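Undergrad: Next up is a structure, given as structure tokens.
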Amino acid sequence: MPTLLERAIETQNRTWSRMNEIREAAERDGRDMTEEERTNWDAAEADLTRASNDIERLNRMAALDTVDRSGAVITTGGQDDPAGRDQEADARYAEAFGRYLRGGMRRLNDDQRSLLERSYSEMSDTRAQAAGIDTLGGYLVPDGFLTTMTETMKAYGGILGLATPINTATGNDLMWPTNDDTGNEGEILGENEEVGERDVTLGQRTLKAHIYSSRMVKTSLALIQDSAFDLDTWLPRKLGERIGRRAARSFTTGTGVDEPQGITVGLGIGKTGANGQVTSITYDDLIDLEHSVDPAYREAGRCRFVYNDTTLATLRKLKDGEDRPLWVPVPAPGFAATINGQPYTVDNSMPGPGANNVSIVFGDIAAGYIVRQVLAVQTMRLTERYAEKLQVAFLSFARLDGMIDDYSAIKGYKHPAA
């Protein structure tokens, strides 16, 4: 029996074929579409949008399910070699943390309480040195919890899943070297000529560790104490979704002042739309945008578009010089839909079409943008605050920063002011 994803892809491709048949019939007869054809086209386009959205949701959930089932481990600074870690100690800590989430500190035995308290103490000292933060009783999350939370954040923020990650164990300011040597080239030497000099100019920027809070997630005491309720999966997903949504906005439009520099802020503009294209984009615009990125990046096969769903809806209506749609649907599970032959990522934190908006980024995102993650994520359990409602609240903190690293690797499409 076909899976939900396979059925959604089949529906998408069948609907796409039907729309092409309508278009080709009108073109073959040299006429505009009839009212009946327009009605059928609009209905098919609505079906296509629903199927495409279903595919995106199912692919996102499939990625998260893979993480849950794989038991992947994210290592923290100072423990880069998983083989060298005390896996038994990790398992004991994870068990203690799970009991803490379900029942609080009172449910722990002395050894388990000691394990968590040591992690609290280490985190307090580290953060006090880094930023003077009061941890308020939070405890470091175990690796499995962190893995699920991080992958959920990636699923809800497109840039986070594409950028190059820099993982650190503490939140101290991280000095990051910058260099643009694209204007320099070698030389041809004549016989007995002296070799010329051309120094490499290095700059330096600072990656910080901005604090992102999930805000409180409340659930009933009875539910979290129920062994059938998978708290260890549900909670990190919920916390990760919230932090991921807020971080995604920073990674796209952040000012760089007391927050990350968003990818649309300060990047080179590869193409600006002509006057009047405040909400529209042309085929030629996309071609110019692609070719504004150096071929060295394009030919490596790592380039893609990033935009929000409203922009995708606009681009899906574009056709090339042969009147063929630029958007090509998913041919089969495991393949990506493309625009003009290039893969794309939908990130709804990106600005949509509008006056002076940078609605599209194109290029090698991994080369062009970096995200700094401090892996010492904390989770708190707030028991007394909602006790009269028999509820328990949870709260997590993640520390992140991001900035454009290689301005040559990515370019933006900007709409005109009017």
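Undergrad: Any idea how many residues of region 250-306 are among the charged types (D, E, K, R), surrounded by 15 or more Cβ atoms within 10 Å (Cβ to Cβ) and more than 26 Å from Ala336 (Cβ to Cβ)?
TA: Residues flagged as among the charged types (D, E, K, R), surrounded by 15 or more Cβ atoms within 10 Å (Cβ to Cβ) and more than 26 Å from Ala336 (Cβ to Cβ) within region 250-306 amount to 1.
Undergrad: Moving on. Is there a residue being part of a loop (DSSP other than H, G, I, E, B), over 21 Å from the mean Cα position of the chain (by Cα) and either touching a residue at least 24 places away in the same chain (Cβ under 8 Å) or not assigned by TED's automatic domain parsing to the domain that holds Ile55 (or both) anywhere in region 341-350?
TA: yes
Undergrad: Evaluate the following for Gly78: is it assigned to a loop (DSSP other than H, G, I, E, B), farther than 30 Å from Ala228 by Cβ and at pLDDT below 85?
TA: yes
Undergrad: Taking Arg385 as meeting all but one of (1) within 16 Å of Ala247 (Cα to Cα); (2) free of Cβ contacts under 8 Å to residues at least 24 places away in the same chain, write down the number of the exception.
TA: (1)
Undergrad: Can you give me the ranges of the strands (runs of 3 or more DSSP E) entirely in region 193-247 with at least 1 residues that are without any contact (Cβ under 8 Å) to a residue 40 or more places away in the chain and touching a strand residue (DSSP E or B) at 6+ places or on another chain (Cβ under 9 Å)?
TA: 203-207
Undergrad: Given the criterion touching a residue at least 40 places away in the same chain (Cβ under 8 Å), over 30 Å from Thr219 (Cβ atoms) and assigned to a loop (DSSP other than H, G, I, E, B), identify the matching residue among Ala418, Ala336.
TA: Working: Ala336 fails: touching a residue at least 40 places away in the same chain (Cβ under 8 Å).
Criteria check complete, one pass: Ala418.
Undergrad: Scan region 299-324 for residues that are in a helix (DSSP H, G or I) and touching a strand residue (DSSP E or B) at 6+ places or on another chain (Cβ under 8 Å) and jot them down.
TA: Correct list: Asp309, Thr311, Leu312, Leu315.
Undergrad: Now, a different point. May I ask you to say which residue of Asp125, Asp134 is surrounded by fewer than 17 Cβ atoms within 10 Å (Cβ to Cβ), under 22 Å from Phe394 (Cα atoms), at pLDDT below 70 and in the same structural domain as Pro236 (by TED's automatic domain parsing)?
TA: Only one candidate passes the filter, namely Asp134.
The values are calculated or read from the model by the stated rules, or taken from the named source; none is laboratory data. This one's a predicted model, so the numbers in the text were calculated from it and none came from an experiment. All Cβ positions, glycine included, derive from the backbone under ideal geometry; neighbour counts span all protein chains shown.
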